[in-house]
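Colleague: Once you've had a glance at the structure underneath, I'll fire off some questions.
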């Protein structure tokens, strides 16, 4: 398992779309400006999510984002807030098939009960 990126979530990440570091796009998918693909991503419970990955133009760089109702549903179900951290991984199985995984590190959480973070702040 290889870490592609780790980041604290911003207000935009939890309310609209997940911005992916531009330099990491090639490790996820080969996209041109305006292209969109779906990527399968497993969470820590083994649930598979299908996220739309697309690119936006930001100066001379492509800005990759995961957006749409699927991302917002993930944020809602996982009770994510600004400041929580996510780590995005790539795994390659014995058949050279690539899959992705996402892990969450909650901030201000004393415990997690049935997948729901109990926040101290």
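The values are calculated or read from the model by the stated rules, or taken from the named source; none is laboratory data. Remember, predicted model here, so these are calculated numbers, not experimental data. We place every Cβ from the backbone using ideal geometry, glycine too, and count neighbours over all the protein chains shown.
Colleague: Does the range 54-80 hold any residues that are part of a strand (DSSP E or B) and under 18 Å from residue 103 (Cα atoms), and which are they?
Modeller: Residues satisfying the conditions are 65, 66.
Colleague: Considering only residues that are exposed (fewer than 12 other Cβ atoms within 10 Å of the Cβ) and at negative phi, look in the range 59-72 and name the one that is farthest from the chain's Cα centre (by Cα).
Modeller: 60
Colleague: Same structure again: Tell me which residues, restricted to the range 45-58, are surrounded by fewer than 15 Cβ atoms within 10 Å (Cβ to Cβ), modelled with pLDDT of 90 or more and closer than 23 Å to residue 15 by Cβ.
Modeller: Within the range 45-58, 47, 50 meet the criteria.
Colleague: Which pairs turn up if I take residues in the range 78-92 that are more than 16 Å from residue 41 (Cα to Cα) and look for partners that are crowded, with 17+ Cβ neighbours inside 10 Å and modelled with pLDDT of 95 or more with beta carbon separation below 7 Å, at least 6 apart in sequence or on another chain?
Modeller: Here the result reads 80/9; 80/14; 81/14; 82/9; 82/14; 83/9; 84/9, each pair linking the range 78-92 to a residue that is crowded, with 17+ Cβ neighbours inside 10 Å and modelled with pLDDT of 95 or more.
Colleague: Every residue in the range 9-23 that is farther than 25 Å from residue 92 by Cα, outside any loop (DSSP other than H, G, I, E, B) and out of contact with any helix residue (DSSP H, G or I) (no Cβ under 7 Å at 6 or more places or on another chain), please.
Modeller: Correct list: 11, 12, 13, 15.
Colleague: Another question about this same structure. Given (1) in contact with a helix residue (DSSP H, G or I) (Cβ under 8 Å, 6 or more places away or on another chain); (2) at pLDDT 90 or above, identify the lone condition not met by residue 61.
Modeller: So residue 61 meets the others, but not (2).
Colleague: When residues of the range 81-104 are filtered for being part of a strand (DSSP E or B) and within 18 Å of residue 11 (Cβ to Cβ), how many remain?
Modeller: Quick first cut of the range 81-104, residues part of a strand (DSSP E or B) only: 85-92, 98-104.
When the remaining residues are screened for being within 18 Å of residue 11 (Cβ to Cβ), the result is 85-86, 104.
Looking only at that region, the number is 3.
Colleague: Are any residues in the range 24-40 free of Cβ contacts under 8 Å to residues at least 40 places away in the same chain and either closer than 25 Å to residue 107 by Cβ or part of a loop (DSSP other than H, G, I, E, B) (or both), and if so, which ones?
Modeller: 29, 30, 31, 32, 33, 34, 35
Colleague: Could you pull out the residue among 84, 13 that is at negative phi, over 11 Å from the mean Cα position of the chain (by Cα) and buried (at least 17 other Cβ atoms within 10 Å of the Cβ)?
Modeller: 84
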